[in-house]
Amino acid sequence: MAGKPLWRKAFDAVESRAAGPVEAGAHSDVVGDLITLNVRVARRAQQEVERRTRRLLHMANLPTATDVRRLSEQVAALQRELRELDDRRP
Amino acid sequence: MSPSIAPADLLSRVQRDVERAAQRGRNGLRYAAGTSRPKLGQTPKDVVWRRHKAELWHYRNDDIKVRTPVVIVHSLVSRSYVLDLYPGNSAVAFLLKEGLDVFLLDWGVPDEADSGNTLEHYVDEGIPDAIAAACEAAGTEEVTLLGYCFGGVLSLCSAARHPELPIRNLALMATPVDFTKMETITALVREGRLDPEEVVEPTGNVPPDVIENGFRLLKPTAEVAQYANLWENLWNDEFMEGYQAMGQWARDHVPFPGAAFRQTVEQLVRNNALMEGTFELGGELVDLGAIRRPVLNIMAERDHIVPLAAAEPIVDLVGSEEAEELRLSAGHAGLVAGRKAAKITLPGIAGWIADHSEKA
């Protein structure tokens, strides 16, 4: 049976040496903090964009993401109520 | 000095390489175009129970040798077709071939309406109702409950909270109980880092990409290694079928219902409540010691998602006199899919279930 090709042996050698440090880096507190920061900044940026565009969209009589979300929440609440009624049915 | 090669060997080697290059080109094109994706989850089945998004599937089997049916409880964050990938690589088909009567509890894909689903919803309602439906469909009085990954946690809690349930045996695959040993995947939501609310999106659920990225972070170089495997085996049709099926499954997560996620983070991750004996559902402590039926704890030695140490304590936590362990040299998904599963894991599981069940 033929062994691994040369390129694969070279790849495995590099990968086996790099995997440990890369994993340690990815699992470090610094990366954890960066991910946390990224999630928070992205969320705040989205809220800010929504806040700033809301008035403009409403002036043009257009629904905003917040409006759609509220409607969607109401539909979901209705669905849940229907389910509860359905569950109570003998 | 390098060994000399006979001309006939050299010719056959060149011939093989040319053939493989042609197969590589063909498979590469098919892979890029997405025209050769295997059809997944094709084992014939019937839906025997349905509640909201959850369904209980009963797989057809004309040759049942073990009367006690097996109810598989799948995880909340991934697709259940990993248990039934394609012919020749299907845990469900293997169990059917061994003469088992197989049911699978699939939770479906949660949406906004399911964001309020608590763990109690699954533990106190979903699993007990599905067990009753399985008993009715199979015409039996007991089942073997087989939980996979987080489905194992749900099964464990259901068996503990409801000793009256007709569970003859409890088998758990890659089921975490000690969440402190899952530091990497839970690190971001531990105390002082992200609050569960920051991960939950406006639909009220944790989006699948958050879960997928969490898994990806566990082994950041794995994706590159997978591409190397792909290039090396691109000529191999059998490899390509498995690669595409597993690749699709690994990228196909489902949203985690927000309410269940909050409970998981607060109790299981932050307080390690299953180990501390402080886990509460419905305002009551979950006493794993109340589980007295035979338990099989199946663990994968190379599982990077649920490490051995996270699953190991199960046998000490349950109150069963007959609590066994099955350690297998496999990864998380390798327990149920792939060549090793068919050769090692699944025969072990099927054998234990058959030995502890009523024969047909």
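If you place +1 on the Cβ of every Lys and Arg and -1 on the Cβ of every Asp and Glu, how big does the dipole about the Cα centre of the protein assembly as shown come out, in debye to the nearest 20? Mind dumping the intermediate values first?
On the way: 52 positive and 65 negative charges, 389 e Å.
With only Lys, Arg, Asp and Glu charged at Cβ, the dipole is about 1880 debye.
With +1 on each Lys and Arg Cβ and -1 on each Asp and Glu Cβ, and nothing else charged, work out how big the dipole of region B:168-327 is about its Cα centre, in Debye to the nearest 20.
Numbers: 13 positive and 28 negative charges, 12 e Å.
The dipole magnitude comes to about 60 debye.
Would you please state which residues of region B:244-287 a label at A:SER72 would reach in this model, taking the label point 7 Å out along Cα→Cβ and a backbone N cut-off of under 20 Å?
Residues B:252-262 fall inside that zone.
Once phi is turned into θ = phi - 60°, what whole-Hz ³J(HN,Hα) does the Karplus curve with 6.51, -1.76 and 1.60 give for every residue of region B:296-306, x standing for Gly and Pro?
Coupling constants for region B:296-306: 10, 9, 9, 10, 9, 5, 10, 6, 8, 8, 10 Hz.
State the answer as a single residue: which of B:PRO196, A:THR66, B:ALA310 lies farthest towards the positive end of the charge dipole of the protein assembly as shown, with beta carbon charges of +1 for Lys and Arg and -1 for Asp and Glu, about the Cα centre.
Result: A:THR66, furthest along the dipole toward the positive end.
Along the Cα→Cβ direction, 7 angstrom out, place labels at B:ASP129 and B:ARG50. What is the inter-label distance in nm?
Distance between the two pseudo-spin positions: 1.3 nm.
In degrees between 0 and 90, to the nearest 10, how far off the longest principal axis of chain B does helix B:237-250 point, with axes built from Cα atoms?
30
Going by C-beta contacts inside 10 Å, put B:LEU188, B:LEU104 in order with the fewest on the left.
Details: B:LEU188 22, B:LEU104 28.
Lowest to highest Cβ neighbour count: B:LEU188, B:LEU104.
Roughly what would the spin-label model give for B:ALA137 and B:SER36, points 7 Å off Cα along C-beta, in nm?
For B:ALA137 paired with B:SER36, the spin-label model returns 3.5 nm.
Cα to Cα, under 12 Å, and not fewer than 8 places away if on the same chain: which aspartates and glutamates meet these conditions relative to B:LYS65?
Partners found: B:GLU98, B:ASP101, B:ASP355, B:GLU358.
Counting only residues 5 or more places away or on other chains, whose amide H sits under 5 Å from the amide H of B:TRP49 once H atoms are built in the peptide plane?
Excluding prolines and chain starts, which carry no amide H, the hits are B:LEU56.
Calculate one ³J(HN,Hα) per residue across region B:151-166 by plugging θ = phi - 60° into the Karplus curve 6.51 cos²θ - 1.76 cosθ + 1.60, and present them in order as whole Hz with x for glycine and proline.
x, x, 5, 5, 5, 4, 5, 5, 5, 6, 7, 10, x, 6, 5, x
Given the options A:ARG80, A:ARG52, A:ARG43, state which has the largest fluctuation in a GNM of chain A using a 10 Å cut-off (strictly under) for Cα springs.
A:ARG80
Could you size up the charge dipole of region B:44-139 around its Cα centre, putting +1 on the beta carbon of Lys and Arg and -1 on that of Asp and Glu, and report it in debye to the nearest 20? Please list the in-between numbers first.
On the way: 9 positive and 16 negative charges, 77 e Å.
The calculation lands at about 380 debye.
On a 21 Å Cα-Cα criterion, which of the cross-link pairs B:LYS45/B:LYS97; B:LYS181/B:LYS219; A:LYS4/B:LYS219 come out too long?
Values: B:LYS45/B:LYS97 14 Å; B:LYS181/B:LYS219 16 Å; A:LYS4/B:LYS219 23 Å.
Long pairs (Cα-Cα over 21 Å): A:LYS4/B:LYS219.
With no solvent and one point on each alpha carbon, what is the Debye value of log10 I(q)/I(0) for the protein assembly as shown at q = 0.08, 0.09, 0.11 Å⁻¹?
With one equal scatterer per Cα and no solvent, log10 I(q)/I(0) is -0.54, -0.67, -0.97.
Which value in nm describes the separation of the simple spin-label points at B:LEU218 and B:GLU325, placed 7 Å from the Cα toward the beta carbon?
It is 1.9 nm.
Neighbouring Cβ atoms within 10 Å as the yardstick, rank B:HIS162, B:HIS58 fewest first. Each step should come with its number before you reach the end.
Working: B:HIS162 16, B:HIS58 21.
The most exposed by this proxy come first: B:HIS162, B:HIS58.
Where does each of B:LYS343, B:LYS65 land when they are ranked from fewest to most other beta-carbon atoms within 10 angstrom?
On the way: B:LYS343 10, B:LYS65 13.
Least to most surrounded, the residues fall as B:LYS343, B:LYS65.
Which residues among region A:7-51 fall inside the zone where the amide N is under 19 Å from a point 7 Å beyond the Cα of B:ASP195, along Cα→Cβ?
Correct set: A:33-48.
From a point 7 Å beyond the Cα of B:ARG251 in the direction of its Cβ, which residues of region B:1-44 have a backbone N at a distance under 18 Å?
Correct set: B:27-41.
In whole Hz, with x marking every Gly and Pro, tabulate ³J(HN,Hα) for region A:30-40 from phi via Karplus 6.51 cos²θ - 1.76 cosθ + 1.60, θ = phi - 60°.
Per-residue couplings from phi come out as 4, 5, x, 5, 5, 5, 4, 4, 4, 4, 5 Hz.
For the pair B:GLU280 and A:LEU85, what calculated FRET efficiency results from E = 1/(1 + (r/R0)^6), where r is the Cβ-Cβ distance and R0 = 35 Å, to the nearest 0.05?
Values: r = 29 Å, r/R0 = 0.82.
Once rounded, the FRET efficiency stands at 0.75.
For chain B, set up a GNM with springs between Cα atoms under 10 Å and report which of B:LEU230, B:LEU56, B:LEU119 has the largest fluctuation.
For chain B, modelled as a Gaussian network with Cα springs under 10 Å, the answer is B:LEU230.
Once every DSSP H run of n ≥ 4 in chain A is given -39500 (n - 2.57) and the sum is divided by its residues, what mean residue ellipticity at 222 nm do you get, rounded to the nearest 500 deg cm²/dmol? All intermediate terms of the calculation are to be shown ahead of the outcome.
On the way: 3 runs with 76 residues, N = 90.
Calculated mean residue ellipticity at 222 nm is -30000 deg cm²/dmol.
Coordinate-derived values only; no laboratory data. Predicted, not measured: the structure shown is a model, and the values here were computed from it. For neighbour counting, all protein chains shown are included, and Cβ atoms are generated from backbone atoms with ideal geometry for every residue, glycine included.
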